Amino acid sequence: MYQERGRSPSEGTSGCGGRVRPWLLASPAALAGVQREHLAGDGAERERPRVARARPRGPERAALRRRHRLWRRRARAARGLLRLMALAALASQPGVAGGAETVGNASVGLIEFSVGKFRYFKLNRPLPEEAILRNISSNVTFLIFQIHSLYQNTTISFSKTLLPSTSGTGTDKGLVFILRPEQSMCFWYLETSDAEPVQNMAIPLSYSERDPIPGGCNLEFDLDIDPNIYLEYDFFETTIKFAPANLGYARWDFPHKRLMFSFFQMVTLTANDKTSVSFSSLRGQGVIFNVIVWDPVLNTSAAYVPAHTYACSFDAVEGNCFSLGRVSTKVFFTLFALLGLFICFFGHRFWKTELFFIGFIFMGFFFYILITRLTPIKYDVRLVLTAIAGSLGGIFLVAAWWRFGILALCMLCVGLVLGFFVSSVTFFTPLGNLTVFSNDAVFWVTFSCIVVLIPVIFMGCQRILNILTCGFIGSYSVVLAIDSYMYTSLSYIALNVLKRALSPHFRRAFTNVPFQTNDFIILAVWGMLAVSGITLQIRRERGRPCFPPHPYKLWKRERERRVTNILDPSYHIPPLRERLYGRLTQIRELFQKEQPAGERTPLLL
């Protein structure tokens, strides 16, 4: 359908920094021949005799019904996402407020589209399906046809023969059609290699000569004009790449460079910037990315083909999108949340328990970072080792308080944990996306200053510092536990810092996260727990000593009192060695045979 045609330098130049490779339709005679072949093929398709089929019975009918129900559920889930994809595509379409919807099936061999109208249909594997767009307006310079599916790949091509330079395969793909003068009809081909039928949504969008051409300056990818967004993701970040755009122009004219790019999350690049942007990966959460290219002189814009990702695989055997919550994660954070909930309401009263909680957080966080960066062991093993190391850290902090009783040292640890939380919340806001913080040195110095500032501010009112830490940190542990069962963006307050510490490339990622209804509900629950815990502890501790006395001194004083005071009942308690020996004797007697009671006299004959 398309052929590449070169131009001499006198015919026009481009501002893309490279050569222009326009795609032009074949001659009108060839186009007419293609139309006749297409109409003849369509008629032949309609004249095919119908073949009678026997209805399935018994188990076959039940199996078919189950399969159809499964397909319908998947289609409903896919249609919700595809509707959002269409809205994203139409967001910058001039003069289009919405599009009509049509539903069809590709089994008839021909799919007909209309400009600006959504089309839902299923594709099957055997043969490619032909698509057609008629009645193209004369003021349209180029078209972008895009097709989307939930997670199964679909191929879109200019011709039945699939070539890298004329086709694209993926879940979100599109092609740019540069129209020749007086052209009013376009053809393309759709197919899938998946064994099951693929539910798709497709829409053609039209643009005039004033609108920029997405991907018009492509020098990196296979298509000559590539309007697609390419996604790469891992646990830490999702990176999108796209080809630079070109200025719009009338048929047979050529433009110069002056464009700007805006992203779905309002990241703006100029024409000279690198066309690659990274975002924080949100595993299991559907996110749609799109790029809007804008001409600041003509004040016109055009949208690339939107792309979506869940930052996980639907087809993987382990760790797929349906099994993101590991059992080990749920157990770990559930137990951690139970302890945190107790600390939220009773942490200041049970001082040693709170110290164990703080020591667990300190040691566990740094130990997890250490073993993750230095060892290749699996996640479940890392989590178990982190729990053990955190418990040892908690025991060590409690033992240090019991033996030395240095309140300033313990409160420094408590204040640093609260400072870490406050610093994480600060960088969770849009402030964390400032360009200056993409430098690791600037980020960690600023982060550390905020961490240290909190205990310095509250050093004169240590009881308030301790109660605030109990309320906020204890209640946030409940948020982390909820995230192990269902997605919430609030967990990324801590996860973003953890990702920054684990991955050297995460510094280039934008950390914006979506806030949805469940996030507002969880935020309200978190705030209610924090305020309730803080208020309860402040009222209960009013009039009481700020902190308990030194445990070791109390124990030593009590021991000396028992030694000198013979009237104290504890004075007559036997030494520990004798008490242990007595217990062992009692245990040994349990396994000895019981002697019969009474006296026995031998019989004398």
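The loop-placed trypsin sites (Lys or Arg not before Pro) in the stretch 326-417, going by DSSP, that have at most 15 neighbouring Cβ atoms within 10 Å of their Cβ come out as R326, R349, K378. Length, then width, then depth: along the principal axes, the Cα atoms of the stretch 419-468 run 38, 18, 10 Å. The order of V305, V287, V436 by accessible area, most exposed first and with a 1.4 Å probe, is V436, V287, V305. Overall form of the stretch 309-451: oblate. Here a/c, set by the Cα gyration tensor axes a ≥ b ≥ c, is 1.5 or more, and a/b is not larger than b/c. Less than 5 angstrom separates the built amide H of I111 from those of E130, A131, I132, all sequence-distant by 5 or more or on a different chain. Put simply, the amide H of S208, placed in the peptide plane, has neighbours under 5 Å in T141, leaving out anything fewer than 5 places away on its chain. Roll a 1.4 Å probe over the protein heavy atoms and report the accessible area of E237 in Å², nearest 10. Roughly 10 Å² of E237 is accessible to a 1.4 Å probe.
Dividing the C-alpha radius of gyration of the stretch 497-541 by 2.2 N^0.38 Å, with N its residue count, gives 1.81.
What the phi angles of the stretch 431-443 give under the Karplus curve with 6.51, -1.76 and 1.60, with θ = phi - 60°, is a coupling list of 4, x, 8, 5, 4, 4, 7, 6, 7, 4, 5, 5, 4 Hz, glycine and proline written as x. Among the protein heavy atoms, those of L231 account for about 50 Å² of accessible surface (1.4 Å probe, every chain in place). Seen from a random direction on average, the alpha-carbon convex hull of the stretch 145-251 projects onto 8.1 square nanometres. Rounded to the nearest Hz, the phi-derived 3J(HN,Hα) couplings of the stretch 333-345 under the Karplus curve 6.51 cos²θ - 1.76 cosθ + 1.60 (θ = phi - 60°) are 6, 5, 5, 5, 5, 4, 5, x, 5, 5, 5, 4, 9, where x marks glycine and proline. The HN-Hα couplings worked out from phi for the stretch 186-202 by the Karplus form 6.51 cos²θ - 1.76 cosθ + 1.60 (θ = phi - 60°) are 9, 10, 7, 10, 10, 7, 9, 9, 6, 5, 8, x, 10, 7, 10, 10, 9 Hz, whole numbers, x standing for Gly and Pro.
Extension gain, R539-L554: 0.36 nm per intervening residue step, less the Cα-Cα distance, totals 2.7 nm. The stretch 495-557 and the stretch 134-178 have Cα centres spaced 51 Å apart.
Packing, taken as the mean count of other beta carbons within 10 Å per residue, orders the peptides 200-209, 133-142 from highest to lowest as 200-209, 133-142.
The values are calculated or read from the model by the stated rules, or taken from the named source; none is laboratory data. Keep in mind it's a predicted model, so treat the numbers as computed, not measured. Methodologically, a virtual Cβ is constructed for each residue, glycine included, from the backbone with ideal geometry; neighbour enumeration extends over all protein chains shown. Remember, those area values only see protein heavy atoms, side chains included, never the ligands or the DNA or RNA. Shrake-Rupley method; radii C 1.70, N 1.55, O 1.52, S 1.80 Å.
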